[in-house]
1. Which residue, of Asp154, Asp172, Asp199, is open to solvent by 70 Å² or more (accessible area, probe 1.4 Å) and either modelled with pLDDT under 95 or touching a helix residue (DSSP H, G or I) at 6+ places or on another chain (Cβ under 7 Å) (or both)?
2. Looking at the range 17-45 only, could you name the residues that are open to solvent by 40 Å² or more (accessible area, probe 1.4 Å) and among the β-branched types (Val, Ile, Thr)?
3. Hey, among the residues in the range 113-123 that are more than 14 Å from the chain's Cα centre (by Cα) and open to solvent by 10 Å² or more (accessible area, probe 1.4 Å), which one's farthest from Asp72 (Cα to Cα)?
4. Cβ contacts < 8 Å: first residue over 22 Å from Val182 (Cβ atoms), restricted to the range 199-214; second residue part of a loop (DSSP other than H, G, I, E, B) and open to solvent by 30 Å² or more (accessible area, probe 1.4 Å), any location; separation 6+ or different chain. Result?
5. Can you report the number of residues in the range 30-73 which are part of a loop (DSSP other than H, G, I, E, B), of a type in the set (Ser, Thr, Tyr) and under 15 Å from the mean Cα position of the chain (by Cα)?
6. I'm trying to understand the selection: among the residues of the range 99-125, which are touching a helix residue (DSSP H, G or I) at 6+ places or on another chain (Cβ under 8 Å) and within 18 Å of Glu205 (Cα to Cα)?
7. Restrict the check to the range 85-95 and report whether at least one residue is in contact (Cβ under 8 Å) with a residue 24 or more places away in the chain, surrounded by fewer than 13 Cβ atoms within 10 Å (Cβ to Cβ) and out of contact with any Pro (no Cβ under 8 Å at 6 or more places or on another chain).
8. Checking Ala185 against (1) open to solvent by 10 Å² or more (accessible area, probe 1.4 Å); (2) assigned to a helix (DSSP H, G or I); (3) in contact (Cβ under 8 Å) with a residue 60 or more places away in the chain, which test does it fail?
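The values are calculated or read from the model by the stated rules, or taken from the named source; none is laboratory data. Quick caveat, the model's predicted, so the values are computed rather than measured. All Cβ positions, even for glycine, are placed from backbone atoms using ideal geometry, and neighbour counts span all protein chains on display. In case anyone asks, the SASA skips ligands and DNA or RNA and just uses the protein heavy atoms, side chains included. Shrake-Rupley method; radii C 1.70, N 1.55, O 1.52, S 1.80 Å.
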Amino acid sequence: MHILITGATRGIGAGLAAAYRGMGHDVTGTGRSSGAEVTLDVTQPQDHRAMAAQLAGRPIDLLVCNAGVYLDKGNNDLNTGYAPDLWAQSFAANVTGVFLTIQTLLPNLRAAPAPRIAIISSQMASHTRAPGGSYIYRASKAAVLNLGRNLATDLAGEVAVGIYHPGWVQTDMGGDAADITVDEAVEGLMQRFAALDHDTTGCFETWDGRAHAY
């Protein structure tokens with residue numbers, strides 16, 4: 001199985017890449033640094049074009065859209081925080097970047113026998129969780145949840161699409177006080193991805209298998 005993971009140079013993405021390689025799968029990891037198999041800043045159209053050329057003709061069985069940013073973390077001052085450029089950068093990475101990645105790799109996905117797309121969103125996307133703050137991150141993750149749901153409709157019968165909350169994970173983004181380790185998140189997410197099919201397309205689930213309210 002060929003698996004492509006964006007944002008695979010650290011955190012959850014790196015953990016998924018290592019776990020899938022350990023199982024013997026063919027893994028292509030992307031990242032902004034030279035340590036990735038494919039150099040990809042998801043906000044840059046020219047990087048997507050280069051990736052398309054590099055991967056031309058290679059089927060992709062599972063695409064994991066993991067790359068993302070949390071630029072307003074800890075910046076909860078309504079008077080001075082949430083600068084416009086943070087909104088633009090966050091949506092470029094967390095929403096547009098996901099769409100461009102999927103759009104670019106659709107030919108590769110369609111060349112696989114049972115292709116799947118896994119989009120990493122967050123429980124912070126849900127309308128049921130509104131404790132305030134982190135407006136930019138919450139809005140971008142809600143937008144990519146909506147994107148995934150609509151892609152599931154348009155790709156029905158072709159590509160299964162799932163959207164996932166990875167848990168509050170002990171990464172640079174999640175911090176040391178987070179609930180679960182990267183290994184725990186990876187194990188749970190891999191089980192979710194394996195269960196994704198045309199019957200469950202459009203699902204929004206947590207890393208440990210619970211359906212989440214939109």
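1. Result of the check over Asp154, Asp172, Asp199: Asp172.
2. Thr39, Thr43
3. Applying the filter and picking the extreme gives Pro113.
4. From residues that are over 22 Å from Val182 (Cβ atoms), the pairs are Thr201/Ala156; Ala213/His127; Ala213/Thr128; Tyr214/His127.
5. Here the count works out to 2.
6. Of everything in the range 99-125, those that are touching a helix residue (DSSP H, G or I) at 6+ places or on another chain (Cβ under 8 Å) and within 18 Å of Glu205 (Cα to Cα) turn out to be Arg116, Ile117, Ala118, Ile119, Ile120, Ser121, Ser122, Met124, Ala125.
7. no
8. Among (1) open to solvent by 10 Å² or more (accessible area, probe 1.4 Å); (2) assigned to a helix (DSSP H, G or I); (3) in contact (Cβ under 8 Å) with a residue 60 or more places away in the chain, Ala185 violates only (1).
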